[in-house]
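Colleague: Encoded as structure tokens, here's the structure I'll be asking about.
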Amino acid sequence: MKTNDEKIYLAIDIGASGGKVEAYKSDSKELIEVCRFKNSFIEKDGHKCRDIIHIFQEVKNGIKEAFLRFSKIESLAIDTWGCDYVLLDEKDNIIEPVYAYRDSRTKDIIKEVNELIDENKLYEITGSQFQEFNTIYQLYKDKKDGRLKKAKDFLMIPEYLSFLLTGKKVYELTNASTTNLLDIKARQFSLVLDNKLGFAGFLDKKLQKPGYIIGNLKEEIEKEVHGNLLVKLAPSHDTASAVEALKDLKEDSLYISSGTWSLLGTKLNNPITTLKAKTYNFSNELGPNYVRFQKNIMGLWIVQCLSKECALDFPEIIKLAKTSNFNGEFDVNDPRFLSPKNMKEEIINYFKERNIEVSKDEDIFNSSFISLARAYKKAIHEVQELTNKKYKEIYIIGGGAKNDYLNKLTEKITKKKVIALPIEASALGNIYSQIENAKEK
């Protein structure tokens, strides 16, 4: 039965492993799940790629389902994972494939990029954490492969989905700050990098802040979903939306956005682009009006892989982990765990190389949680040194906030108070930006 008693806002929140459409009632502040769908990379010609057609169909399905429930919807906005993008030709047709960041295609060109732009200078400009899959390396690989000769434009994934809905191209600030291509002080794409890397004007784009009104649905989309609404910009990187949900985050508090990745950080007024920040591999990414000074930690990706390989769900894995006395630690941020053929075997081999025998599932599970909590401890030590602050508590948001075992390990190992908020943080931050920052520019 349709309702129309109060204003309804939609958040389309898509992570690396799945997406969901959430409806928010502004008066009652009720968040209602409309639907969920799976999202993963696909194998294509030996590469890991995104099935963008499937993702967009699920987006439309979610909007259509929302219009079956609510007669009028004010607006929607889309947030997704970062780093990945779509290349477009002169007619705005997609240039396939759309590579996934977990593909290994960029490994061989890191050195060449560093020869074109000194890595210390790169960090001074962008303040971005080094990750071999950052957009800068992906886009340079496209240049090397000749793909940019056909391309006239590129859009990050959420902006591309909004373009398919509205026919209007926009470029959003917070997601741009995940690319390692943003001038973090000027808050625009770096034309210095555009020139040095030979991107031929690709980065000459005006960036918009969350709340920007893109426009209404295209006529054919309106007919397909049986309704119309405004499409706006959220903080379109999902972590940016998640942190936006933490309205009461104090200056002496940290956050961990815990999901496939764990992003540990704090809010600052200004970026930190010192050599030590680079050495510790911290990133300066943006919220609507602040810097998210944070570090990417491999996160629950490792446990997600183990879950698939062992055909066990998270509660079963946690139950088994609690029975283990093994407290061996491995480096969750080692690139070998980014996209291994078999996560369990990779962990076993990691320990074997160090003359430690581990084979029981429960020991591998427990070690994964302990290793993650210890990675948090290390990152906390680093952020305290870099900001010259002591932090008393950690707010944990995202799917990982529901993992009480990991939360308790984190509190025990870091000796910080853990405040777990098992809320749909990315969806809420997405919606708050639609309500609070909505003004046409």
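The values are calculated or read from the model by the stated rules, or taken from the named source; none is laboratory data. Please read these numbers as outputs of a predicted model, since none were measured by experiment. Positions of Cβ are generated from backbone atoms using ideal geometry, with glycine treated the same way; all protein chains shown enter the neighbour counts. Heavy atoms of the whole protein, side chains included, go into the accessibility calculation; ligands, DNA and RNA do not. Shrake-Rupley method; radii C 1.70, N 1.55, O 1.52, S 1.80 Å.
Colleague: Could you check how many percent of all C-alpha pairs in the stretch 29-132 are farther apart than 22 Å?
Modeller: Percentage above 22 Å: 54.
Colleague: Note down the nm distance, to one decimal, between modelled labels 7 Å out along Cα→Cβ at LYS7 and at ASP313.
Modeller: 3.7
Colleague: Separate question: I need the GluC sites (Glu not before Pro) found in the stretch 196-286, filtered to DSSP loop residues with at most 16 other beta carbons within 10 Å of theirs.
Modeller: GLU251
Colleague: For the stretch 289-338, what does the alpha-carbon gyration tensor say about shape, rounded, prolate or oblate, given a ≥ b ≥ c as the root eigenvalues, a/c under 1.5 as rounded, and a/b over b/c as prolate?
Modeller: prolate
Colleague: From the Cα gyration tensor of the stretch 365-441, with a ≥ b ≥ c the square roots of its eigenvalues, which class applies: rounded if a/c is under 1.5, or else prolate if a/b is larger than b/c, or else oblate?
Modeller: oblate
Colleague: Add -39500 (n - 2.57) for each DSSP H run of 4 or more in the chain, then divide by its residues: what number comes out at 222 nm, to the nearest 500 deg cm²/dmol?
Modeller: Computed mean residue ellipticity for the chain: -11000 deg cm²/dmol.
Colleague: Treating only the Cβ atoms of Lys and Arg (+1) and Asp and Glu (-1) as charged, compute the dipole magnitude of the stretch 134-264 about its Cα centre; round to the nearest 20 debye.
Modeller: 600
Colleague: Given H placed on each backbone N at 1.01 Å, which residues far from ILE32 in sequence or on other chains put an amide H within less than 5 Å of it?
Modeller: Excluding prolines and chain starts, which carry no amide H, the hits are ALA23, TYR24, LYS25.
Colleague: How large is ³J(HN,Hα), in whole Hz, for each residue of the stretch 353-368 in order, when computed from phi with the Karplus curve 6.51 cos²θ - 1.76 cosθ + 1.60 and θ = phi - 60°, using x for Gly and Pro?
Modeller: Once rounded to whole Hz, the list reads 5, 10, 6, 10, 8, 9, 9, 6, 4, 4, 6, 5, 4, 5, 4, 5.
Colleague: Quote the charge dipole size of the chain about the Cα centre in Debye, to the nearest 20; the model charges only the Cβ of Lys and Arg (+1) and of Asp and Glu (-1).
Modeller: Rounded to the nearest 20 debye, it is 720 debye.
Colleague: What are the GluC sites (Glu not before Pro) within the stretch 339-385 that DSSP puts in a loop, where the Cβ has at most 16 other Cβ atoms within 10 Å?
Modeller: Answer in residue order: GLU353, GLU357.
Colleague: At what distance in angstrom do the alpha carbon centres of the stretch 1-71 and the stretch 81-149 lie from each other?
Modeller: Here the two parts' Cα centres lie 28 Å apart.
Colleague: Taking R0 as 51 Å, what FRET efficiency do you get between LYS417 and ASP92 from their Cβ-Cβ distance, rounded to the nearest 0.05?
Modeller: 0.55
Colleague: Using a basic spin-label model with each label point 7 Å from the Cα along Cα→Cβ, how many nm lie between HIS47 and ASN61?
Modeller: It is 2.6 nm.
Colleague: Of all GluC sites (Glu not before Pro) in the stretch 31-114, which ones are in loop regions per DSSP and have a Cβ with at most 11 other Cβ atoms within 10 Å?
Modeller: GLU90
Colleague: Okay, moving on. Find which of ASN270, ASN175, GLY46 sits farthest along the positive direction of the dipole of the chain, computed with +1 on the beta-carbon of Lys and Arg, -1 on that of Asp and Glu, about the Cα centre.
Modeller: Going by the charge dipole, the pick is ASN270.
Colleague: Set Lys and Arg Cβ to +1 and Asp and Glu Cβ to -1, take the dipole of the chain about its Cα centre, and tell me which of THR260, ASN327, ILE221 lies farthest positive.
Modeller: ASN327
Colleague: Then there's this: Please compute the length gained on full extension between ASP404 and GLU115, using 0.36 nm multiplied by the number of residues separating them and subtracting their Cα-Cα distance.
Modeller: 99.5 nm
Colleague: Moving on to the next point. What list of ³J(HN,Hα) couplings, whole Hz, do you get for the stretch 237-253 from phi and the Karplus terms 6.51, -1.76, 1.60, once you set θ to phi - 60° and write x for glycine and proline?
Modeller: Values per residue, Gly and Pro as x: 7, 4, 5, 4, 5, 4, 5, 4, 6, 8, 5, 9, 4, 8, 5, 9, 10 Hz.
Colleague: Highest GNM mean-square fluctuation, the chain, Cα pairs closer than 10 Å: which of LEU264, LEU320, LEU230?
Modeller: LEU320
Colleague: I'd like the distance separating the alpha-carbon centroids of the stretch 176-242 and the stretch 299-371, in whole Å.
Modeller: 37
Colleague: Report, by chain and number, residues whose modeled amide H sits under 5 Å from the one on LYS152, excluding near sequence neighbours (fewer than 5 apart, same chain).
Modeller: LEU88, ASP89, GLU90
Colleague: Could you tell me the calculated FRET efficiency between SER71 and SER17, based on Cβ-Cβ distance and R0 = 25 angstrom, to the nearest 0.05?
Modeller: Between SER71 and SER17 the formula returns 0.15.
Colleague: With unit charges on the beta carbons (Lys and Arg positive, Asp and Glu negative) and the dipole taken about the Cα centre of the stretch 38-102, which residue among ALA100, ASN61, SER71 sits farthest to the positive side?
Modeller: After comparing all options, I get SER71.
Colleague: Right, something else. Give me the number: length gained by fully extending LYS223 to LYS149, i.e. 0.36 nm times residue separation minus the C-alpha to C-alpha distance, one decimal in nm.
Modeller: Stretched fully, the LYS223-LYS149 segment lengthens by 23.1 nm.
Colleague: Work out, step by step, the length gained on full extension between LYS392 and LEU191: first 0.36 nm times the residue separation, then minus their alpha carbon distance; give nm to one decimal.
Modeller: 68.4 nm
Colleague: Which whole-number percent gives the relative contact order of the chain, counting Cα pairs below 8 Å spaced six or more residues apart?
Modeller: Computed value for the chain: 16 percent relative contact order.
Colleague: Can you give the accessible area per residue of the stretch 64-139, in Å², using a 1.4 Å probe?
Modeller: So the stretch 64-139 comes to 38 Å² accessible per residue, rounded to a whole number.
Colleague: Less than 12 Å Cβ to Cβ from ALA277, Lys/Arg counted +1 and Asp/Glu -1: what total charge do the surrounding residues give?
Modeller: Here the charged neighbours net out to 0.
Colleague: When the Karplus curve 6.51 cos²θ - 1.76 cosθ + 1.60 is applied with θ = phi - 60°, which whole-Hz ³J(HN,Hα) does each residue of the stretch 270-277 get, with x for Gly and Pro?
Modeller: 9, x, 10, 10, 6, 4, 5, 4
Colleague: Right, something else. Just the Cα atoms of the stretch 311-441: what Rg and Dmax do they give in Å?
Modeller: 17.9, 61
Colleague: What is the set of long-range amide H partners of GLY215 at a cut-off below 5 Å, with H atoms built 1.01 Å from backbone N?
Modeller: Amide H neighbours of GLY215: VAL231.
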